[in-house]
Amino acid sequence: MNLKPLINIRTILFIWFSAVLLLSGSCLLAANDPIERTFTEPRADVERAVSAAKSNSSGKLPALEGFVGQMLRPVERYEKAYYQCIFQVIPSLTGETSVRVTAKITAWYDDPDRQKSGYEVLPSNGRLENDALDRVEQILGPDASTDAEKLPNKKYDLSLGSVMPRGTVPGVAGRARRETRPAPVVTMSSAVNEADIQELRSKRVAAEKRVQQLNNAMQNLQQLYDSQSKPNNLVAVKKTGTPVYAHPEEGGKPLFSATAKDQFEMVDLRGEWIHVNISGQSRGWIRKMQVEFPADGAGAKRTGVDVIAKSTELFRVTREEIGTFPGNWEPLRGKSVKLYSVQPAQSPSQETLARDKRNFAKELFLRAMQEQSTAEATIAGVVVIFDSADGGQASSTLASLKLWRDGKISESAFWDAGSLDPTETFSAAPKKP
């Protein structure tokens, strides 16, 4: 499926649980341990440098190699890798200021079992964190500027996708990595003074502030997730175990079974079958009764589902028979075809949209092909004659219909292979009275 959002519920839950663990003082090992450096510059200068460095501390990774730590799954099955560096400025009583950076790497894991696919948070090997701290250090340097537009724009490419030797800082030649300073530990056997109490109070205030920041980030992510633009022609599977077929034939072997609430982008509606986009160029078929269509609220735009479904309500078949093709189109001239005579549902004098004509013609094309599988007489094609004020005749060979149904040609190629007479009746809006 190509409908997975870049930010999903797992990301939001990860941030929320991080806040809970920090507030409760749990000592669980985090997936990505932060990297910290201490600076002697004034706190205000460090905070400005961090603010400027943030503008170049998130984006897309070209590859995971060289950026992630030990993996439990094969790295080649991950795609759509993104990273974000989270900064924390920690002042101390000595006047120094520490900057702590945690890199969050997310990627889509393409599991052979599609039900187990999804976005995952991956461990960082420290390269992203050190690069971010390098930028802070560069900004604080004597010749650097805190203007974000003047910062070197750190873009990762495949030439940087190798693992750096331990003990060095990526991006800064010849500089040894600064080890993180261990936090002082106060034990019951140590003498407790006012400075120790004040330091603990400061840490508690910093922790509470961090929790508030995480809560704000969680709310922002939730709002971003809720406001993400989504295709307006999604259909949702009703029940777990719903089969997705390669062709609109129930007797075939399913490609896989979908889970309840799985969403697919609808490509087409053909009779009792929905043609859906699975992933990339992969397509599949689901019975219409097994999916839910998007709700059409007041003032909402008509979805692709509505457009196709409505066409079946605009026309009615007045006659159907098998006869000789009524025209000179070479692929069907003189051959036996299935003929449908169609009128607008309300009045024969009513003019109709070209789009609605095409959609209704497709419905009849597919109906005729399905009936042909059990019919005694063999036909070479299908013809739909519109008996209306604007008229028109749509014709297709059975061979082209099969190629289109099986997904071997696009809809555009299907119409190019058929006959629309006159062409303008099926490609232009009706004239206004």
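The values are calculated or read from the model by the stated rules, or taken from the named source; none is laboratory data. Everything numeric here is computed off the predicted structure, so don't read it as measured data. So basically every Cβ, Gly included, is an ideal-geometry build from the backbone, and we count neighbours across all protein chains shown. The accessibility values were calculated without ligands, DNA or RNA, using every heavy atom of the protein model including side chains. Shrake-Rupley method; radii C 1.70, N 1.55, O 1.52, S 1.80 Å.
Only one of A258, A246 is closer than 30 Å to M369 by Cβ and within 18 Å of the chain's Cα centre (by Cα); which? Spell out how you get there, then give the answer.
Working: A246 fails: within 18 Å of the chain's Cα centre (by Cα).
Answer to the check: A258.
May I ask you to list the residues in the range 370-384 that are surrounded by fewer than 22 Cβ atoms within 10 Å (Cβ to Cβ) and within 41 Å of the chain's Cα centre (by Cα)?
Initial filter on the range 370-384 (surrounded by fewer than 22 Cβ atoms within 10 Å (Cβ to Cβ)): 370-378, 380.
Correct list: Q370, E371, Q372, S373.
Considering only residues of the range 209-251 that are within 18 Å of G118 (Cα to Cα) and modelled with pLDDT of 85 or more, which is surrounded by the most Cβ atoms within 10 Å (Cβ to Cβ)?
V237
Tell me which strands (runs of 3 or more DSSP E) are completely within the range 71-145 and hold 2 or more residues being among the basic types (K, R) and open to solvent by 30 Å² or more (accessible area, probe 1.4 Å), or say none if there are none.
Values: elements: 78-91, 97-109, 118-122.
Strands (runs of 3 or more DSSP E) meeting the threshold: none at all.
Looking only at the range 252-289, filter to residues that are open to solvent by 50 Å² or more (accessible area, probe 1.4 Å) and outside any strand (DSSP E or B); which one of those is modelled with the lowest pLDDT?
Out of the qualifying residues, it is Q281.
Scan the range 33-48 residue by residue and report those that are assigned to a helix (DSSP H, G or I) and open to solvent by 60 Å² or more (accessible area, probe 1.4 Å). Spell out the reasoning first.
So the first thing to find is which residues in the range 33-48 are assigned to a helix (DSSP H, G or I), and the list is 43-48.
Passing the criteria: R43, E47, R48.
Inspect all residues belonging to the range 207-218 and state whether any of them is under 25 Å from Y109 (Cα atoms) and in contact (Cβ under 8 Å) with a residue 60 or more places away in the chain. Explain how you work it out, then say what you get.
Looking only at the range 207-218, we keep the residues that are under 25 Å from Y109 (Cα atoms), and these are 217-218.
From what's left, in contact (Cβ under 8 Å) with a residue 60 or more places away in the chain: 217-218.
For the range 207-218, residues under 25 Å from Y109 (Cα atoms) and in contact (Cβ under 8 Å) with a residue 60 or more places away in the chain: present.
What number goes with the only condition from (1) farther than 30 Å from S347 by Cβ; (2) modelled with pLDDT under 80; (3) open to solvent by 50 Å² or more (accessible area, probe 1.4 Å) that K310 does not pass?
The failed condition is (1).
If you take the residues in the range 385-403 that are assigned to a helix (DSSP H, G or I) and farther than 12 Å from K338 by Cβ, which one is least open to solvent (accessible area, probe 1.4 Å)? Full working, then the answer.
The initial filter retains those residues of the range 385-403 that are assigned to a helix (DSSP H, G or I), namely 398-403.
With farther than 12 Å from K338 by Cβ added as a condition, the list becomes 399-400, 402-403.
Working: A399: 65, S400: 18, K402: 100, L403: 73 Å².
For the range 385-403, the residue satisfying everything is S400.
Consider Y340 against the criteria (1) surrounded by fewer than 17 Cβ atoms within 10 Å (Cβ to Cβ); (2) part of a strand (DSSP E or B): it satisfies all of them except one. Which criterion is unmet?
Of (1) surrounded by fewer than 17 Cβ atoms within 10 Å (Cβ to Cβ); (2) part of a strand (DSSP E or B), only one is false for Y340: (1).
So which residues in the range 60-70 are in contact with a helix residue (DSSP H, G or I) (Cβ under 8 Å, 6 or more places away or on another chain) and open to solvent by 80 Å² or more (accessible area, probe 1.4 Å), if there are any at all? Steps first, please.
First, the residues of the range 60-70 that are in contact with a helix residue (DSSP H, G or I) (Cβ under 8 Å, 6 or more places away or on another chain): 62-68.
E65, the sole residue that qualifies.
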